[in-house]
Amino acid sequence: MRRTDRAVTDQERVRQLLEECRVCRLGLWDGQEVYIVPMNYGYTFESGRLTLYFHCAQEGRKLDILAQRLAVSFELDQCGAYTGQGDVPCGYGCHFASIMGTGTVRFAKTPGEKIAGLKHIMRHVSGREFSFTEEMVQGVAVFSVEASAYSCKEKA
């Protein structure tokens, strides 16, 4: 990170941002171009270890790419008010907070793993606990991204 003065190292602030952000953008490489897809997510954040959880249909471009390459990048952000005034463009900016990183996808293989992942997603999306049956999870793919590296940055 070039601007270390904007680095967020406080784990509670990182957790707060994970909770407040609504969308995670996954960056996937298909061998020719980058495919970026915005997704709802759930997460666990224990002792600085970040795991993100996602679900999708059992077919499509995202899964086609992941079948070839499990390495992904991710980004979550909050954009606040724009700042600046006057005639000098360099004086303008935006308050923001972001988390960016890389990781490897792991697909849930059993109904129990799918249910656990979906519970993380629904807890984040709704703030509530939900129950799932094995029948409910048969038609979806659930996967996680364990972050191998991430950074959090903020301009307040």
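Based on DSSP loop calls and a cut-off of at most 15 other Cβ atoms within 10 Å, the longest stretch of the chain free of exposed GluC sites (Glu not before Pro) is what?
Values: sites that count: 33, 59, 129.
By the stated rule (loop sites, at most 15 other Cβ atoms within 10 Å), 60-128.
Go through region 68-116 and name the chymotrypsin sites (Phe, Trp or Tyr not before Pro) that are in a DSSP coil and have 16 or fewer other Cβ atoms within 10 Å of their Cβ. Don't skip to the answer; put the middle values down first.
On the way: sites: 74, 82, 92, 96, 107; in loops: 92.
In loop regions of region 68-116 (DSSP not H, G, I, E or B), the sparsely surrounded chymotrypsin sites (Phe, Trp or Tyr not before Pro) are 92.
Counting other Cβ atoms within 10 Å, which trypsin sites (Lys or Arg not before Pro) in region 7-101 have at most 16 and lie in a DSSP loop? Each step should come with its number before you reach the end.
Details: sites: 13, 15, 22, 25, 49, 61, 62, 69; in loops: 22, 69.
Answer by residue number: 22, 69.
FRET efficiency for residue 125 and residue 85, Cβ-Cβ distance as r, R0 = 41 Å, nearest 0.05? Each step should come with its number before you reach the end.
Details: r = 38 Å, r/R0 = 0.92.
E(calc), rounded to 0.05, equals 0.60.
Expected output is a single nm value to one decimal: the length gained when fully extending between residue 67 and residue 12, i.e. 0.36 nm times separation in residues minus the C-alpha distance. What is it?
Full extension of this stretch gives 16.3 nm more.
Which part of region 93-131 falls in the paramagnetic zone of residue 20, meaning amide N under 16 Å from the point 7 Å along Cα-to-beta-carbon?
94-100
Between residue 138 and residue 35, what is the label-point separation in nm under the 7 Å Cα-to-beta-carbon projection?
That separation, rounded to one decimal, is 2.7 nm.
To the nearest 20 Debye, how big is the dipole of region 92-156 about its Cα centre, given +1 on the beta carbon of each Lys and Arg and -1 on that of each Asp and Glu? Present the calculation step by step, with values, prior to reporting the outcome.
Values: 8 positive and 6 negative charges, 38 e Å.
Its charge dipole is roughly 180 debye.
Read the figures in this text as sums done on the coordinates, not as results from a lab. Please read all numbers here as calculations on a predicted model, not as lab measurements. Here Cβ is always computed from backbone atoms with ideal geometry, including for glycine, and neighbour counts include all displayed protein chains.
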